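Please read the structure below before turning to the comments.
Values quoted throughout were computed directly from the atomic coordinates according to the rules given, and no laboratory measurement underlies them. Just so it is clear, the model here is predicted, and its values are computed rather than measured. Here the Cβ positions follow ideal geometry from the backbone for every residue, glycine too, while neighbour counts run over all protein chains shown.
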Amino acid sequence: MTKRTGWLVLVVRIPAEPSRHRVAVWRELRRAGALSLGQGTWAVPDVPAFADGVARTTELARRGDGEVIALEAAGRTDEDAARLEAMFTAERTEEWAEFLADCAKFDAEIDKEIGNGKFTMAELEEEEHSLERLRRWHRDLKARDLFGAPAAAEADRQLEHCATRLAEYTDRVFQALHQM
């Protein structure tokens, strides 16, 4: 029998008004990779990678005159545990799909700039910032993809492809600037 992952179930209670506190907590839970189980109830794997997000959520709720009750949990049966992992991984799969779409946009942007002959330092800096954003996002997704969503391997390849494309574009920018 394999060891089941432990979970923290977070019961979040915050006054409805002002709504900014509820929104801040919701955003933090999403950013942390928490799985929504229903109205005000969330779950995260009980591993160190999620501790900071839980702490930030708790602090944001407290600031909004609310509270977070954290309960240790596990699936009662192997099927329950597998379902919770599958739900969690499905959310990571959606995040990886969004990441892959942004990698494709990055690739298309490089194609557009090459097609337009736009080889400026300003454009290069913009593309470098875009790649750095992709790298941060990739790192964050990797950290919370505890069970290894299938799209993660493709995301690794696409991020490497984006880095290669930026290196090629960088070479073209420097060639263009040094021909002037």
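Structural remarks
- Under 5 Å, built H, 5+ apart or other chain: amide partners of L37: W42, A43
- In order through the range 169-179: 3J(HN,Hα) via Karplus (6.51 cos²θ - 1.76 cosθ + 1.60), integer Hz, x for Gly, Pro: 5, 4, 4, 5, 4, 5, 4, 5, 5, 8, 8
- Size descriptors for the range 7-74, from the alpha-carbon set: Rg then Dmax equal 10.8, 34 Å.
- For the chain, built as a Gaussian network whose Cα springs stay under 10 Å, the top-fluctuating residue of A34, A163, A152: A163
- Top positive-direction residue, dipole computed over the chain with Cβ charges, set C162, W137, L100: W137
- Option label - Rg and Dmax of the Cα atoms in Å computed here, alternatives (i) 20.9, 70; (ii) 15.3, 41; (iii) 25.8, 104: (i)
- Segment T41-A16, extension gain: residue separation times 0.36 nm, minus the distance between their alpha carbons: 7.5 nm
- Calculated from backbone phi, Karplus (6.51, -1.76, 1.60) coupling profile of the range 36-51 in Hz, x at Gly/Pro: 6, 9, x, 3, x, 10, 10, 9, 9, x, 8, 10, x, 4, 9, 4
- Euclidean distance of C-alpha centroids, the range 165-179 and the range 99-140, integer Å: 14 Å
- Simple Cβ-charge dipole of the chain, Lys/Arg +1 and Asp/Glu -1, about Cα centre, in debye nearest 20: 620 debye
- GNM result for the chain, Cα springs below 10 Å: residue of L71, L29, L84 fluctuating most strongly: L71
- Normalising the average separation of contacting C-alpha pairs (under 8 angstrom, six or more residues apart) by the number of residues puts the relative contact order of the range 1-156 at 26 percent.
- Virtual spin-label span in nm between R172 and E72, 7 Å along Cα→Cβ: 5.7 nm
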